[in-house]
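K.L.:
I'd like to ask some things about the structure below.
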Amino acid sequence: IMIQNNAAHNVRIGDSTVSSTKGILLAAGSPGGSVNAGPFSVYACYLSDWYLYGTAADVVDVLYIA
């Protein structure tokens, strides 16, 4: 899974406890910050395990290969 911020604001990603101060920071910009989480050889990565904290209507790209 790869997640990239293409928004005008910073966003954070993480588990269900993600907030404005907790989680992986993806900075705004062009291109924005990104995180590559995988591949996992022991643990299956489900999209439902990831949460995002950001501003409404901002765009975040998600690349997921099953």
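The values are calculated or read from the model by the stated rules, or taken from the named source; none is laboratory data. Since the model is a prediction, treat every value here as computed from it, not as a measurement.
K.L.:
When you scan the stretch 36-54, do you find a residue that is modelled with pLDDT of 90 or more, in a loop (DSSP other than H, G, I, E, B) and of a type outside the set (Phe, Trp, Tyr), even just one?
P.N.:
Yes - at least one qualifying residue is present in the stretch 36-54.
K.L.:
Working only within the stretch 1-27, note down all residues that are modelled with pLDDT under 90 and part of a loop (DSSP other than H, G, I, E, B).
P.N.:
Of everything in the stretch 1-27, those that are modelled with pLDDT under 90 and part of a loop (DSSP other than H, G, I, E, B) turn out to be ILE1, ASN6, ALA7, ALA8.
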